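> The structure that follows is given in the form of structure tokens.
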Amino acid sequence: MKKTFEPMQLSTSEAIVLQQLHEDGEDDVSLLSRQLGLPRGRISALVNSLKQKGLLIINHDYQGTWVRLSRKGNRLIAYLWPEMQLRGIY
């Protein structure tokens, strides 16, 4: 039996971060901050919140902190914005 996806509570800012990461594939936290026009501290708090919800994967390297959607994050995007599937993004 196919497991159904249970939507979760997201703030508007969290949803915008998810959408931006979906469009870009992966972003550095500094770049994400500039793209969304939010302070880096606010972006860091949003990223940590989304990671705790299992929606993001965070990688650190000598160039910075990179974030991307997890499998659960991709499923949530498909649930929230099903029209993205029609564009052949998935």
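> Where Lys and Arg each count +1 and Asp and Glu each count -1, what net charge lies around Leu36 among other residues with Cβ under 14 Å from its Cβ?
-2
> So if each residue of separation counts as 0.36 nm, and I subtract the Cα-Cα distance between Gln19 and Gln35, what length gain in nm does that give? List each step's numbers first, then the result.
Values: separation 16, 0.36 × 16 = 5.76 nm, distance 1.20 nm.
The span from Gln19 to Gln35 would gain 4.6 nm if fully extended.
> Moving on. Cα convex hull of the range 1-74: mean projected area in nm², to one decimal?
5.3
Readers should treat all values here as calculations from the given coordinates under stated rules, not as data from a laboratory. All values reported here derive from a predicted model rather than from experimental measurement. In this analysis, Cβ positions are derived from the backbone assuming ideal geometry, glycine residues included, and neighbour counts consider all displayed protein chains.
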